[in-house]
Amino acid sequence: MRQLNANPASSGQTLPKSRFGGGLAVFLLVIVLAFRLLGQDQSPLRQPRDASLTEVTIERVVDGDTLIVDMYGSRERVRLIGIDAPESVSDNPDRITEAGLASADYLKKFLADYQGLVYLEYDQEPRDQYDRLLAYVWLGNTLLNEKICRDGYAEARSYPPNTRYDKYLQEAMEFAQQDERGIWSPTFQD
């Protein structure tokens, strides 16, 4: 009975050579590592958890956590769930802060560049005490609420029972704090 050698190279046999050699494996490894490094700043969320979404058009930004949208021909004020941006609009001018103005300006600039469909995802309570719609806003595969936190222009804040994405929003805020982004930069700290 003939024994098979597990390592053909050690028995004098030659292995077929790949057309691409080891360069392809190295190239693929570099690509994977690059995506991982670039992806450190990205959300683990890629799609809404709730399949029932409402398509809207953003008319304008009120402040860093509130939008006016056109929904079925009607104007609605939407308060972004799970975040709290510093004040940029108030009847009391003493409440308006530089960080609040920066937060509102960030959101205005970001949405001015956005091209595409916008969707609202609701949680447990559809409206707050001011009759604003409470929603997570999806821009394609990007959760706007989380992006605002990750870029450092709002604080993650839990508002039970609307807590579906609290964990992700908290992680995004912690990332921004550690990286001193937006309102967490030394520029805005007291």
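The values are calculated or read from the model by the stated rules, or taken from the named source; none is laboratory data. Because the structure is a prediction, the values reported are computed rather than measured. Cβ coordinates were reconstructed from backbone atoms using ideal geometry, including for glycine residues, and neighbour counts include every protein chain displayed. For the accessible areas, the whole protein counts, side chains as well, though only heavy atoms, and no ligand, DNA or RNA atoms are used. Shrake-Rupley method; radii C 1.70, N 1.55, O 1.52, S 1.80 Å.
Determine whether the range 99-107 contains at least one residue that is more than 17 Å from VAL62 (Cβ to Cβ) and open to solvent by less than 40 Å² (accessible area, probe 1.4 Å). Before the answer, list the steps.
Just the residues of the range 99-107 that are more than 17 Å from VAL62 (Cβ to Cβ), to begin with: none.
Within the range 99-107, not a single residue is more than 17 Å from VAL62 (Cβ to Cβ) and open to solvent by less than 40 Å² (accessible area, probe 1.4 Å).
Inspect all residues belonging to the range 66-79 and state whether any of them is in contact with a Phe, Trp or Tyr (Cβ under 7 Å, 6 or more places away or on another chain) and buried (at least 22 other Cβ atoms within 10 Å of the Cβ).
From the range 66-79, those in contact with a Phe, Trp or Tyr (Cβ under 7 Å, 6 or more places away or on another chain) are none; that's our starting set.
No, the conditions are met nowhere in the range 66-79.
Only one of these conditions is not met by PRO161: (1) buried (at least 21 other Cβ atoms within 10 Å of the Cβ); (2) farther than 18 Å from VAL62 by Cα. Which number is it?
(1)
Between a residue in the range 60-74 that is on the phi > 0 side of the Ramachandran plot and any residue that is surrounded by fewer than 19 Cβ atoms within 10 Å (Cβ to Cβ), which pairs come within a Cβ distance under 9 Å, given they are 6 or more apart or on different chains?
Here the result reads TYR72/THR54, each pair linking the range 60-74 to a residue that is surrounded by fewer than 19 Cβ atoms within 10 Å (Cβ to Cβ).
For the range 132-146, indicate whether the set of residues that are farther than 26 Å from GLN177 by Cβ and at pLDDT 95 or above is non-empty.
Yes, some residue in the range 132-146 is farther than 26 Å from GLN177 by Cβ and at pLDDT 95 or above.
Take the range 121-149 and flag every residue that is buried (at least 19 other Cβ atoms within 10 Å of the Cβ) and part of a strand (DSSP E or B).
Scanning the range 121-149 gives GLU121, LEU133, LEU134, ALA135, TYR136, VAL137, TRP138, LEU143.
State which residue pairs qualify: first residue among the polar types (S, T, N, Q) and inside the range 142-162, second residue outside any loop (DSSP other than H, G, I, E, B) and open to solvent by less than 10 Å² (accessible area, probe 1.4 Å) in any location, beta carbons under 8 Å apart, and separation of 6 or more residues or different chains.
Matching pairs, first to second residue: ASN145/LEU80; ASN145/ILE83; ASN145/TYR136; ASN145/VAL137; ASN145/LEU169.
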